[in-house]
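As structure tokens, the structure follows; a few thoughts come after it.
Bear in mind that the values in this text are calculations on the coordinates, not laboratory data. The structure presented is a predicted model; accordingly, all values stated were derived computationally and were not measured. Backbone-built Cβ (ideal geometry, glycine too); neighbour counts: all protein chains shown.
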Amino acid sequence: MVFSESLTLFYAALAVSLPTFAWVVVGVLLKRFGFLSDALNQNLSRLAFNIGLPIMLFAGAAQVDYTTLSSARYLLAGVVATLLTLLLSGLYSRWRGHPRKLGGIFVQSAFRSNLAIVGVALTFSAYGELGPVLAALPIALMTVLYNILAVWVLNTTLGSGTTMRSVLQDIVRNPLIIGIAAGVCLALSGFPLPAILVPVSSGLSTFFLPLVLICIGASMNFSRLYTAGMLTWEASVWRLCVGPLLGILVALLLGVQDEQLGVLFLLLASPVAASSHVMVVAARGDGTLAANIVVLTTLLSLVTITVGFFVLSVFSLIGQTH
């Protein structure tokens with residue numbers, strides 16, 4: 001491959017990641033210059049999480065052809081990759097001699113990506129309307145898996161006392177899960193999709209995805225990053241490099257390719273979900289460590305996602321971006 005072709009592919013990869021993280025930077029700047037208060041940021045986040053994103057994911061799930069679901073090996077690849085990352089990061093943490101209470105935070109950060117916000121924004125940036133359609137089911141399936149595994153890991157290492165029943169209740173009440181489930185029901189019902197569904201979904205994607213990314217940027221606290229130690233960097237490497245690499249290897253072994261592989265990579269390569277910090281604080285764990293991992297992975301993911309998407313593009317594995 002000549003240099004000009006490689007450069008074109010790199011620009012294409014940058015065009016996927018840069019718009020997404022540019023909105024995060026906008027949020028940081030708006031907070032820094034006093035245009036976005038904490039109260040306003042929380043209200044906007046709730047609006048996006050409870051209304052915008054659920055409707056968008058509902059539209060995506062409603063457009064899936066479930067007659068071909070048996071061949072959707074990228075769903076299986078996502079689950080296997082998550083479980084494999086959990087297992088290997090746990091073994092690595094023991095080998096490194098991490099304190100038990102910190103090891104649980106490390107393991108949760110290694111396998112838990114920000115699927116429903118950063119991940120879905122990246123898929124939309126890469127593949128347009130097709131991205132959220134392909135991402136809807138992995139988001140639903142892996143969000144449930146992430147929460148169950150996170151509770152098990154934190155209960156084991158922190159003794160938080162959170163019950164699986166309460167977690168399942170939270171999952172059932174999760175607006176994103178409700179939206180995806182409603183979309184699946186509509187698709188399986190046999191009723192024709194409303195003609196307005198696709199344009200409404202596109203409009204919501206254009207508005208709410210930037211909004212929620214701005215909220216992420218405004219909620220980031222850089223003041224504690226100076227305390228970030230080796231464990232923070234190790235967790236970041238696992239989240240941004242090791243986890244996605246394992247996911248790609250599993251997916252390739254299962255024969256996943258083209259857009260499905262691209263979507264799976266973008267979901268698995270996303271930074272640590274902010275909800276991981278919430279769960280650690282609720283379990284009386286090291287909230288500063290958890291917050292630092294969220295911030296650091298968000299900052300570094302622009303580089304790792306761009307490079308990863310570029311490499312996959314060079315080998316023609318992830319289909320044509322829009």
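Details
- Compactness check for segment 3-314: Cα Rg over 2.2 N^0.38 Å is 0.96.
- Residue order, fewest to most beta carbons within 10 Å, for 318, 248, 55, 178: 178, 55, 248, 318
- Membrane-span-like helices of the chain, defined as complete DSSP H segments with a Cα extent of 27 Å or more along the helix axis and a mean Kyte hydropathy of at least 1.0, are identified as 3-32, 130-158, 197-219, 287-314.
- In nm, spacing of pseudo-spin labels at residue 173 and residue 282 (7 Å Cα→C-beta vector): 1.0 nm
- Calculated FRET efficiency, residue 129 to residue 230, Cβ-Cβ distance, R0 = 41 Å: about 0.45 to the nearest 0.05.
- Helical mean residue ellipticity (222 nm; -39500 (n - 2.57) per DSSP H run of 4+; nearest 500) of the chain: -24500 deg cm²/dmol
- Size descriptor for segment 27-178, Kirkwood hydrodynamic radius: 17.5 Å (Cα pairs only, one decimal).
- Segment residue 188-residue 202, extension gain: residue separation times 0.36 nm, minus the distance between their alpha carbons: 2.8 nm
- Counting other Cβ atoms within 10 Å as a rough exposure proxy, the listed residues 127, 11, 74 run 11, 127, 74 from fewest neighbours to most.
- Global geometry of segment 31-98, whether rounded, prolate or oblate, following the gyration tensor of its Cα atoms and the 1.5 cut on a/c: oblate
- FRET efficiency, residue 39 to residue 7 (Cβ-Cβ, R0 45 Å, nearest 0.05): 0.50
- Of the peptides 192-199, 233-240, the ranking by mean beta-carbon count within 10 Å, highest at the top, reads 233-240, 192-199.
- Most fluctuating residue given options 255, 103, 128, as computed from a GNM of the chain linking Cα atoms under 10 Å: 255
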